[in-house]
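Presented below is the structure to which this report refers.
The values are calculated or read from the model by the stated rules, or taken from the named source; none is laboratory data. Just so we're clear, the structure is a prediction, and the values are computed from it rather than from any experiment. Note: ideal-geometry Cβ built from the backbone for every residue, glycine included; neighbour counts use all protein chains shown.
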Amino acid sequence: MDLDNEPSLQDADEHTLALIIEIQRDDVNQYASKGKQREGEMSDEALAIQMQREELDRVAIFLSDRRMIRSISDAVQVDTPALIEVAAQEVVAIQDRELATELDGGAPMPSTSTSQTDQLQTLDDVVFTKLQTLYAGRAELSIYAPTQGLCDGGQAEPSSRAVSRKEQTEVCGACRDEVNTFELARAPCGHVYCRTCLRGLFEAAMTDESLFPPRCCRQHISPEEHCILLTAEIIQRFDKKKIEFSTINRTYCCIPTCSSFIAPQYINSDIATCPDCSATTCAICKAAHEGDCPNDVVLQRMLEVARENGWQRCHACRAVVELDHGCNHITCRCGAQFCYVCGERWRTCTCAQWHEDRLLARANQNVDREQLPAEQLGRNAQVAAQVEYLRENHECTHDRWDKVNGVHNCEACYEIKRVYIYRCRHCLIQACNACRRHRL
């Protein structure tokens, strides 16, 4: 008996289904009492009767479990506002107690209100509907939505119609697959991602710092808002990466086979103890040694090469950066912004925004990309116009893009795109679809 695919049973209530099961059981028992067979042998007819009984037992168990799920779901919906209110009152009570203890001159208590407040999440209607769909079943949703599940005249809407109404689909913005809406995550910009693509976006952000935090159209995608589509393991690793990427001067385990990030709480007197392998690492030179930190010959040689080539170091993460093209405004992979000429924080120095050679090279590149008719404006005039435009509009927000067919290089990730690429209408930078959404 297939309750999901049998049209005649989809509109039946629980009492009717239970009555049908009981009648079928009586028919099977009555038919079995008429049959005769030799002792110790089972005919095909007797085997069929036994399988029919087992199937009816399984359907009865399924109906019983479904009644329990409906009851739990109903109780959760009814009790959720009260539970949220009680939890909020507990958080306020804890905060009041901590404040009273501090005002009384006692030792401050360990702060627990922050973590409890973070765990207190209010589900909006969209997330709550997804939870209902995932854990209570799509066909049962109409039971708990009396205003949406009534036909004209106040009669209950048939569950088959409710299923067709609830099972809406949208196209994933990444893989272009058509997916049920309850398995889609909507970014703040409006683009939607399926479960697989959303997890892939978070995985990529945890392996490539320039993609962290996950974002679409320069707007961050919060893991808390889409926790039902992410695994607990992904959220746990994301929280660890968030601490790692937010640390300014990071320290990693000096053991090559480990290389784990060592959080600031494991660093004492410039000695970092790895929580994974227990090895100690100097937080200054990032190497293993006893006593004072020796001179790092390799680091000094690398810095000497950087000075010879005019490279600059990030003031935050101390990474060495080479400017290949563009203005002197550098945005490091860690998110810090600084001047490529002096290395100071951006907008705190008086250095020129452009190096003349790079400015002229960029202007010529933009003129080549625009491909204006020769008779419309001379080459030198076009380059001069681009130079002035770049001086005044070097900090582009990349709001509007054009799709350009053909083989091109992405200027953000340097990958070769053989079919098409996107070009910013203002600064004419070329970027692949992933970089224009998640990196720039």
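Just to confirm my filter: which strands (runs of 3 or more DSSP E) fall fully inside the stretch 257-374 and include at least 2 residues that are closer than 30 Å to Val387 by Cα? Walk me through how you get there before you give the answer.
Numbers: elements: 271-273, 280-282, 329-331, 337-339.
Fully inside the stretch 257-374 and qualifying: 329-331, 337-339.
Go through the stretch 417-430 residue by residue and tally those that are surrounded by 11 or more Cβ atoms within 10 Å (Cβ to Cβ) and without any contact (Cβ under 8 Å) to a residue 24 or more places away in the chain. Break it down stepwise before answering.
Within the stretch 417-430, the first condition is being surrounded by 11 or more Cβ atoms within 10 Å (Cβ to Cβ), and the residues that meet it are 417, 420-430.
With the extra rule that they be without any contact (Cβ under 8 Å) to a residue 24 or more places away in the chain, the set shrinks to 417, 420-422.
Counting residues in the stretch 417-430 that are surrounded by 11 or more Cβ atoms within 10 Å (Cβ to Cβ) and without any contact (Cβ under 8 Å) to a residue 24 or more places away in the chain gives 4.
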Exercise for the section: Taking the residues in the stretch 187-228 that are of a type in the set (D, E, K, R) and in contact (Cβ under 8 Å) with a residue 12 or more places away in the chain as candidates, determine which candidate is nearest to Lys242 (Cα to Cα). Expected result: Glu209
Exercise for the section: Output yes when any residue across the stretch 195-215 is of a type in the set (A, V, I, L, M, F, W, C), part of a loop (DSSP other than H, G, I, E, B) and surrounded by 15 or more Cβ atoms within 10 Å (Cβ to Cβ), and no when none is. Expected result: yes
Exercise for the section: Can you confirm whether the stretch 394-401 contains a residue that is of a type outside the set (A, V, I, L, M) and at pLDDT 90 or above? Expected result: yes
Practice task
Considering only the stretch 224-245, state which residues are modelled with pLDDT of 90 or more, closer than 28 Å to His398 by Cα and not aromatic (Phe, Trp, Tyr).
Solution key: Lys241, Lys242
Practice task
Among the residues of the stretch 228-283, count how many are under 20 Å from Pro213 (Cβ atoms), among the small types (Gly, Ala, Ser) and touching an Asp or Glu at 6+ places or on another chain (Cβ under 9 Å).
Solution key: 1
Exercise for the section: Give the residues of the stretch 381-440 that are of a type in the set (Gly, Ala, Ser) and in a loop (DSSP other than H, G, I, E, B), sorted by residue number. Expected result: Gly406, Ala412
Completion exercise
Among Arg345, Arg391, the single one that is without any contact (Cβ under 8 Å) to a residue 40 or more places away in the chain and touching a strand residue (DSSP E or B) at 6+ places or on another chain (Cβ under 8 Å) is Arg345
